[in-house]
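Since the structure comes first, as structure tokens, the remarks are kept for the end.
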Amino acid sequence: MYRRIGSIVGLVLVAAGVVAVLRDGAVADSLARAARAPDLEALGLLVAAIVATQLLSSAVLWILTRRDGRVGMVEMNALVAASTLGNYVPMQAGSIGRVAYHKAVNGIPVRASLVVIVQATVLTFVVVCVMGAAALGAKAAGVAWWSVALVPALWLPLAVQPPLRAFALAAALRSVEVLAWTLHAWAAFRLSGWPVGPETALGASLVACAANLVPFVGNGLGVREWAVAAAAPMLGGYERDAGLAAELVGRAVDVAVAVPLGLLAAAWLVRRVSAAARASGAA
């Protein structure tokens, strides 16, 4: 029930965002000009960022899951692609389907898969906090914004400790994923006709990653858009409705990429489930 309510709330927030953007003449005009002459370089970078975040998210889940069973990296990528698409439907079938798949094909207990989801969520929260603190520290010290790109390396010394190795590697990859979200934000703003600097894009990406953690709302639908918009006064470089427009453009490209990748991945996974069922029946 909560997931269904979350999906409805997300759709309402997206609709409200569209209305707000259309009612803002300056932002609507900027968006219209951008649509008439799309920035293909920004579009290419945005697609690359989407693919990168999926690969990195898959790697994080693969590292955390393989402790409980054998899972292939390609297999995990397919699961993440399919679940990303599935999480847009009201019941967020993506996450549920991924847990069920691990149980049926890889023999991983449901409880273990749920623990991994919780661990990945907590890990993301910690990484966002660390990256945010690093960004604020760099700004206060007058250090270049790109110094935050060194943060992923801070986790690696912990990897020498066997009990912490999986979490340290996952945290390092999740930190790189935040940087990929920075490219996503920068390209989305540019594609929407309201370019921002990389420092602002980094701030927007941290807000977006935090918004994606909101429970019962698949892929942060609606929440991410309004969170980035609400952060405009704090981050600077864009107006509220410009943030909405950029996130809506980014979301549209997200979905455009998620649909073909998710459908192809789902078809491949269905074949694997069928093969596993036949093997189980033969045994």
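No value in this document is a laboratory result; all are computed from the given coordinates. As the structure is a computational prediction, the values presented were derived from the model and not from experiment. Because the Cβ atoms are built from the backbone with ideal geometry, glycine has one as well, and the counts that use them run over all protein chains shown.
General remarks:
- ³J(HN,Hα), Karplus 6.51/-1.76/1.60, whole Hz, each residue of the stretch 194-209, x for Gly, Pro: 10, x, 10, x, x, 5, 5, 4, 5, x, 5, 5, 5, 5, 5, 5
- Whether the stretch 1-155 is rounded, prolate or oblate, judged on the alpha carbon gyration tensor where a/c under 1.5 counts as rounded: oblate
- Inter-label distance, residue 143 to residue 277: 5.4 nm, where each label sits 7 Å from its Cα along the C-beta direction.
- Debye, to nearest 20: dipole size of the stretch 171-283, +1 on Lys, Arg Cβ, -1 on Asp, Glu Cβ: 580 debye
- The candidate values were (1) 162, 54, 22; (2) 66, 40, 35; (3) 73, 48, 30; the one computed from these coordinates for Cα extents along the principal axes in Å carries the label (2).
- Highest to lowest packing among 155-163, 100-108, scored as the average C-beta count within 10 Å: 100-108, 155-163
- 3J(HN,Hα) from dihedral phi, the stretch 141-154, Karplus parametrisation 6.51/-1.76/1.60, rounded to Hz, x for glycine, proline: 8, x, 8, 4, 4, 5, 5, 5, 5, 7, 4, x, 5, 5
- Pairs of Cα atoms nearer than 8 Å and 6+ residues apart set the relative contact order; for the chain it is 30 percent.
- Of the residues 40, 89, 72, the one whose Cα sits farthest toward the positive end of the charge dipole of the stretch 15-99, with +1 on the Cβ of Lys and Arg and -1 on the Cβ of Asp and Glu, is 72.
- Anisotropy class of the stretch 46-85 from Cα gyration tensor, a/c 1.5 cut: prolate
- Charge dipole magnitude, Cβ of K and R +1, D and E -1 - the chain, Cα centre, debye nearest 20: 1060 debye
- Options 102, 126, 20, ranked by Cα towards positive dipole end of the chain, top entry (Cβ charges): 102
- FRET efficiency estimate (nearest 0.05) - Cβ-Cβ, residue 256 to residue 33, R0 25 angstrom: 0.75
- Taking a ≥ b ≥ c as the square roots of the eigenvalues of the alpha carbon gyration tensor, the stretch 98-216 is oblate, as a/c is not under 1.5 and a/b does not beat b/c.
- Along the stretch 48-59 the Karplus relation, 6.51 cos²θ - 1.76 cosθ + 1.60 evaluated at θ = phi - 60°, assigns HN-Hα couplings of 4, 5, 5, 5, 5, 5, 5, 5, 5, 5, 5, 5 Hz to successive residues, with x for each Gly and Pro.
- Stokes-Einstein D (µm²/s) once Rh is taken as the Kirkwood radius of the stretch 129-283 over alpha-carbon pairs, at 4 °C in 1.567 mPa s: 74 µm²/s
- Gain on full stretching of the segment that runs from residue 161 to residue 48 - 0.36 nm per residue minus C-alpha separation: 37.3 nm
- Relative to the longest principal axis of the Cα atoms of the chain, helix 240-282 runs at roughly 10 degrees.
- A DSSP coil position with no more than 16 other Cβ atoms inside 10 Å describes the following chymotrypsin sites (Phe, Trp or Tyr not before Pro) in the stretch 171-256: 216.
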